[in-house]
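Have a look at the structure below, then the notes.
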Amino acid sequence: MSQANNLDRRTFLAGTGAVALAGLASGQAEAQTSAAKCDANTLVTGNGTWTYRVVEGWGHLPAGTAFGGTHGGIATDKAGHVYVSTQSETGILVYSPEGTLLKTIAHEYPEVHSLVHAEENGEEYFYATVQKGTPTENWLFVKMKTDGTTVQKITAPQEAGFKQPNEWKLTAAVPGPDGSIFIANGYGDSRMFRFDKSGNFKASYAGKGKTEGMFDCNHGMSVDTRYDQPLLLICDRANRRLCHFDFDGKFVRTVTQHMRLPCQISFHGDFAVVSELEGRVTILDRDNVPVAFLGDNPDKTQWAGYKLLPGDVAVTSFSAAHGVHVDQNANIYVSDWNQTGRITKLERVTA
């Protein structure tokens, strides 16, 4: 049996009650929705080895400081500091692992949509996509140091046939193994773009569509190193699936389907942690089969609800999980997409 057929056979179905999973290769117990697992007293969500406790009050902001919305990304640096992008002049928030706000950076970019950490020649950088920047610069890729200093910018490449400014609405960017820069135009025409390390346009591929190899909002992506051949793992959000592409732009396979609007991906060993805009975070194993669900919101009316206030959502549930990051200790950070912003730290519960 081919890998694609095997994965199709084992795709999952999610409903308002328990989630049924069949044929888990790892032999783990059937995953349950966190709605059935959460305990209001202990603030626990998840299942099995992926059981987590919500860290109450993590990321509390000082008086006079506001998220202004958390339609963005999360990353950590080598020192363990946590970087959270916002929808406001607050810029990117920098926290200690314990949740103390240390500083804010990149104030000239009040709407950073994605944030990916990279180490190159002993230096640390963030690959970021910007929706709103300065009065003259919007919708651009920015490579910055961890203090927010910009070292590179990429705007809409004329060689790619863009005629109007609003056609370039990038959503994610990652560095490839050879230094190439891959950018997703998810809020635009759903094409993928490849640039060399100096920012020179090299190619575009895919585009908007429902068939395999096409996207309907290629929203978030990461470099997947779990296999012999590194690949791009891309959230095809409106098509509700994750897809592998190689670094030459060739479609490899659809690995997971029937997701709830997948937004971003972060890896911990052989496991992928995926935020879903319809109120959930899903853990996938090396075969890209779900093994756990975190913060699964049983109230469908709250899914993808931007106008919700964080206080209206249960502490152990997500309304619109957008940004996600798992650190080296398997702690998971999630930002909900809503008008005032919400950050959650989930601390892994050990036996």
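The values are calculated or read from the model by the stated rules, or taken from the named source; none is laboratory data. Being a predicted model, the structure only gives us computed values, none of them experimental. When we count neighbours, we look across all protein chains shown, and the Cβ atoms used for this are built from the backbone with ideal geometry, even at glycine. For the accessible areas, the whole protein counts, side chains as well, though only heavy atoms, and no ligand, DNA or RNA atoms are used. Shrake-Rupley method; radii C 1.70, N 1.55, O 1.52, S 1.80 Å.
Here are some notes:
- The range 195-209 and the range 39-70: distance between their alpha carbon centers, rounded to Å: 37 Å
- Reduced Cα scattering model of the range 43-93, Debye log10 I(q)/I(0), q = 0.13, 0.14, 0.23 Å⁻¹: -0.45, -0.51, -0.99
- Equivalent ellipsoid semi-axes - Cα gyration tensor, the range 35-144, angstrom: 28, 17, 14
- Net charge in the neighbourhood of G311 (other residues with Cβ under 15 Å of its Cβ; Lys, Arg +1, Asp, Glu -1) is -2.
- Computing Rg and the Kirkwood Rh from the Cα coordinates of the range 281-334 gives a ratio, Rg/Rh, of 1.01.
- Summing charges over neighbours of H81, with a neighbour being any other residue whose Cβ is under 15 Å away from its Cβ, gives -2 when K and R count +1 and D and E count -1.
- When the solvent-accessible area of the range 153-282 is split by element, carbon and sulfur atoms take up 45 percent of it, the probe being 1.4 Å.
- Where only alpha carbons of the chain are counted, the Rg and the Dmax (Å): 19.0, 59
- Shape analysis of the range 79-203 places it in the oblate category; the axes a ≥ b ≥ c from the Cα gyration tensor give an a/c of at least 1.5, with a/b not above b/c.
- Taking a Cβ cut-off of under 11 Å around A238, the surrounding Lys, Arg, Asp and Glu residues balance to a net charge of +3, with basic ones at +1 and acidic ones at -1.
- Semi-axis lengths (Å, descending) of the ellipsoid that matches the C-alpha gyration tensor of the range 83-150: 19, 16, 9
- A protection proxy built from the mean count of other Cβ atoms within 10 Å ranks the segments 266-274, 193-201, 312-320, most packed first, as 312-320, 266-274, 193-201.
- Here the contact order of the chain, divided by its residue count and restricted to Cα pairs under 8 Å and six or more residues apart, works out to 16 percent.
- The chain - mean residue ellipticity at 222 nm from DSSP helices (-39,500 (n - 2.57) per run, n ≥ 4, rounded to 500): -500 deg cm²/dmol
- Å² per residue, accessible surface of the chain at 1.4 Å: 41 Å²
- Tensor-based shape of the range 181-269 (alpha-carbon gyration tensor, a/c under 1.5 rounded, otherwise prolate or oblate): oblate
- Reachable lysines from K345, criterion Cα separation under 20 angstrom, eight or more residues apart if same chain: K37, K78, K103
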